[in-house]
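Worksheet: one structure, shown below.
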Amino acid sequence: MEVCENIGKNGQIYFYSEFCGSFSRSLHGFFVKAVKAFAGVSMNFVRKYDDFPFVYGEKALPSVLIPAFKEASDSGIVFSEYPVDRKKVISRIRNEKDNCKLGRVDYLVFHKGKEILIETKLSWVSYNSLMKEKGIVKRHVKLLGRALEQIRSIKWGKEEESEKVAFMVVPVYYPSNTIEDFKKNIDSTLGEKLFEESYHELLAYIKNFLSEFQPFVGYWVVPTPHEYYIEWERRFEAYPYVFFIGGRV
């Protein structure tokens, strides 16, 4: 399933998933709406406060993901850091009966009668590395792999009533000494090129250790990055794209 959509003053979004089986269309639709809402919430921040919430690391992600997931859900109910039981990888006590440990899942969202458990990660990629066709590299895949292991380890009531998803946010940054450089050098078609070149390699790497993985990829093209940027100690940084990579387990 694939969606490519112009979202007006908030830019453009693309989302492609290989979800299959029951609830696939609903899950696909939920994440398309979440990506659109991510764009809308982020643009509200930058227009009012000259700041993007996602630039401050993984701990700041709830600032944009909670309202995005709330908007995408038909219930509007989103928990953050919800307590869960996780399967223990190693039992340190012989004959230990309890093979679970207490943990937390990043987000629990109620949508269309299902409980969607979402484990998130944040990573970065530089615009220059994309231009050199390095794209999404192994460190991104390993980080996504950790999220998949975490979400798969959760023991959750009736499995048929829940969905488990890993969701990685990958902003693209472009540093420069001059604002004029953004307008002159940023290529708005680069996101599409990246996924055409690296998607199958990414998928093959992950499926080596997780055969039941149902992947998705997407990106948000930030409008006019030469107007929406952040100044860091007399240097400027634009964020022309945000990539979204993950999957259902």
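Which percent of the accessible heavy-atom area of segment 20-64 goes to carbon and sulfur, probe 1.4 angstrom?
Numbers: 1070 of 2060 Å².
C and S fraction of accessible area: 52 percent.
Set the Förster distance to 30 Å, then compute FRET efficiency between residue 102 and residue 2 from the Cβ-Cβ distance, nearest 0.05. Walk me through the numbers on the way to the answer.
Details: r = 39 Å, r/R0 = 1.30.
The computed FRET efficiency comes out at 0.15.
Write down the accessible area per residue of segment 19-65 in Å², having rolled a 1.4 Å probe over the full set of protein chains.
Details: 2080 Å² over 47 residues.
Ligands and nucleic acids excluded, the figure is 44 Å² per residue.
At 0.36 nm per residue, and after removing the present C-alpha to C-alpha distance, how many nm does the segment from residue 22 to residue 66 gain when stretched out fully?
On the way: separation 44, 0.36 × 44 = 15.84 nm, distance 2.53 nm.
Roughly 13.3 nm would be gained on extension.
Using 1/(1 + (r/R0)^6) with R0 = 30 angstrom and r between the beta carbons of residue 230 and residue 159, what's the FRET efficiency to the nearest 0.05? List each step's numbers first, then the result.
Working: r = 43 Å, r/R0 = 1.42.
For R0 = 30 Å, the calculated efficiency reads 0.10.
Strictly over 23 Å apart at the Cα level, which of 33/142; 33/183; 36/59; 59/132; 142/183; 112/164 would you flag in this model? List each step's numbers first, then the result.
On the way: 33/142 27 Å; 33/183 29 Å; 36/59 21 Å; 59/132 30 Å; 142/183 33 Å; 112/164 15 Å.
The answer is 33/142; 33/183; 59/132; 142/183.
The values are calculated or read from the model by the stated rules, or taken from the named source; none is laboratory data. Not measured: the values here are computed from a predicted model. Counting neighbours? That spans all protein chains shown, and the Cβs are built from the backbone with ideal geometry, glycine included. All accessible areas refer to the heavy atoms of the entire protein, side chains included, with ligands and DNA or RNA removed. Shrake-Rupley method; radii C 1.70, N 1.55, O 1.52, S 1.80 Å.
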